[in-house]
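Structure, as structure tokens:
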Amino acid sequence: MMSKGGFGSNDSFSGGDGASGASGSHDQARAQDLGLPLTMMSRPGIHSIVPCFISQLLTAIEVDNVFKIRGFALHRVSIVGMIMEAKKASQYIMYKIDDMTAKGIEGRQPLSRDRVRQPVIPLPVGVYAKVLGVLQSSDGTTLLGILSIRVLEDMNELSTHTLEVVNVHMMLDQSREGVTPGRQLLTQARAPVSVARVSKYSGLNFIHKEVLFLIQECSHQEGKAVTELRRELLGVTEEAITQAIEYLIMTGHISPTIDRQHLKIVG
């Protein structure tokens with residue numbers, strides 16, 4: 001399945017180019033934009049794209065300017081998550097991406113010399129996006145140098161990415177001596193897969209689905225508190241959350257419990 005955004009669900013170990021138009025001299029330009037040595041963008045195997053959870057990226061170990069997971073070098077990686085923050089800086093667009101496996105990761109999409117002088121509108125906050133990038137380190141913090149980013153066209157891409165991550169990293173484990181059990185990967189996969197299940201509710205926007213997911217995951221007998229929703233939905237305004245709750249109650253997806261400030265899934 002190939003997406004309009006330039007990379008699709010079958011690109012995990014593709015020998016072809018994963019980023020839109022990123023090849024040859026364009027790779028060198030991208031490397032310079034990202035502040036990376038040219039060798040990092042041209043060494044053999046660089047076109048292998050490894051799907052990852054953000055938790056894996058944040059625990060990757062940097063050795064000689066190369067990030068590794070359990071000894072496997074990560075050159076290009078792909079993640080899927082919600083855009084929690086987006087703003088334009090002088091030389092790049094900063095995105096905060098969260099896939100609910102760990103704290104969010106900061107991604108920086110460099111702007112070309114021409115685009116720096118032009119008005120650029122970042123992708124909106126609150127949507128799910130697929131990101132292709134290169135891991136970087138800045139002042140001890142792991143960042144993602146973004147090569148390509150696009151909004152998901154179908155929430156099924158989220159569940160597809162989750163299955164790819166589990167499958168690919170299990171294969172990496174099996175290729176080494178002292179195989180690491182896949183239980184941890186499967187545990188990490190539960191959060192994004194739960195979001196994918198919510199996508200069966202047609203006609204709902206991303207905020208509706210996120211509210212549903214958080215309410216569904218709540219184990220409290222009195223239901224999910226509205227105050228908790230507002231605290232956990234970073235980057236979403238209080239008005240947008242209130243409108244989403246009212247819509248979901250009206251359409252029968254959720255209902256109040258002990259009062260209007262506590263909610264549960266219907267059915």
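The values are calculated or read from the model by the stated rules, or taken from the named source; none is laboratory data. Because the structure is predicted, anything quoted here is derived from the model rather than measured. Here Cβ is always computed from backbone atoms with ideal geometry, including for glycine, and neighbour counts include all displayed protein chains. These accessible areas exclude ligands, DNA and RNA; they are computed on the full protein's heavy atoms, side chains included. Shrake-Rupley method; radii C 1.70, N 1.55, O 1.52, S 1.80 Å.
Say each of residue 258 and residue 242 gets a label point 7 Å from the Cα, pointing the same way as Cα to Cβ; how far apart are those two points in nm?
For residue 258 paired with residue 242, the spin-label model returns 2.3 nm.
In nm, what is the difference between 0.36 nm times the number of residues separating residue 64 and residue 91 and their Cα-Cα distance?
Going from the current span to full extension adds 7.1 nm.
Of the cross-linked pairs 88/264; 68/264; 88/224; 87/264; 68/224; 87/209, which ones have a Cα-Cα span greater than 31 Å in the structure shown?
Details: 88/264 38 Å; 68/264 41 Å; 88/224 34 Å; 87/264 34 Å; 68/224 39 Å; 87/209 24 Å.
Result: 88/264; 68/264; 88/224; 87/264; 68/224 exceed 31 Å.
Would you please give the FRET efficiency between residue 266 and residue 106, computed as 1/(1 + (r/R0)^6) with r the Cβ-Cβ distance and R0 = 35 Å, to the nearest 0.05? Walk me through the intermediate numbers first.
Working: r = 37 Å, r/R0 = 1.06.
Between residue 266 and residue 106 the formula returns 0.40.
Residue 250: accessible area at probe 1.4 Å, nearest 10 Å²?
The value for residue 250 is about 140 Å².
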